[in-house]
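Working notes, structure below.
The values are calculated or read from the model by the stated rules, or taken from the named source; none is laboratory data. Please read all numbers here as calculations on a predicted model, not as lab measurements. Using ideal geometry, Cβ is built from the backbone for each residue, glycine included, and neighbour counts are taken over all protein chains shown. Ligands, DNA and RNA are stripped out before the accessible areas are found, and what is left, the full protein with its side chains, is counted by its heavy atoms. Shrake-Rupley method; radii C 1.70, N 1.55, O 1.52, S 1.80 Å.
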Amino acid sequence: MEQGIGTLIYTDVTRDGMLQGPDLSGATALQTSGARVVASGGVASLADLHRIAQAGLAGAIVGRALYEGRIALGDALGLARDEFPAA
């Protein structure tokens with residue numbers, strides 16, 4: 001059985017907590033490795049989550065946007081259920 005990394009988290013630390021949108025080009029570039037990629041850093045809105053899903057990424061980590069009420073947890077979970085690929 002071949003072993004390796006199945007899923008990884010990509011965080012652009014220059015965007016983390018800045019609410020300026022995720023680095024989709026960096027995250028999608030990592031997909032060429034064959035691993036599933038979860039985007040982290042900069043997510044500010046449901047539109048960002050939609051773009052992450054449309055890019056074919058495995059998921060997203062949302063922190064500050066939830067804390068500040070920019071994204072409602074129920075809305076984010078609904079979008080994830082509808083748009084992100086199943087684990």
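Among residues of region 1-22 that are open to solvent by 100 Å² or more (accessible area, probe 1.4 Å), those with a Cβ under 9 angstrom from a residue that is polar (S, T, N, Q) and not in a loop (DSSP other than H, G, I, E, B), sequence gap 6+ or separate chain, pair up as ILE5/SER33; ILE9/SER40.
The condition of being open to solvent by less than 20 Å² (accessible area, probe 1.4 Å), out of contact with any Cys (no Cβ under 7 Å at 6 or more places or on another chain) and closer than 21 Å to GLY6 by Cβ holds for VAL37.
Just to be sure, is ALA55 more than 18 Å from THR7 (Cα to Cα), out of contact with any Gly (no Cβ under 6 Å at 6 or more places or on another chain) and aliphatic (A, V, I, L, M)? Criteria not met by ALA55.
On inspection, ALA55 qualifies as open to solvent by 30 Å² or more (accessible area, probe 1.4 Å), under 21 Å from LEU77 (Cα atoms), small (Gly, Ala, Ser) and in contact (Cβ under 8 Å) with a residue 12 or more places away in the chain. LEU73 fulfils the conditions (1) surrounded by 15 or more Cβ atoms within 10 Å (Cβ to Cβ); (2) modelled with pLDDT of 95 or more except for a single criterion, (1).
Total residues in region 40-52 satisfying the condition of being open to solvent by 50 Å² or more (accessible area, probe 1.4 Å), under 17 Å from ILE9 (Cα atoms) and touching an Asp or Glu at 6+ places or on another chain (Cβ under 8 Å): the figure is 0. Restricting attention to region 21-34 and to residues that are among the hydroxyl-bearing types (Ser, Thr, Tyr) and within 17 Å of THR7 (Cβ to Cβ), the residue that is modelled with the lowest pLDDT turns out to be SER33. Within region 28-42, the residues that satisfy the criterion of being farther than 16 Å from ALA60 by Cβ and either polar (S, T, N, Q) or touching a residue at least 40 places away in the same chain (Cβ under 8 Å) (or both) are THR32, SER33.
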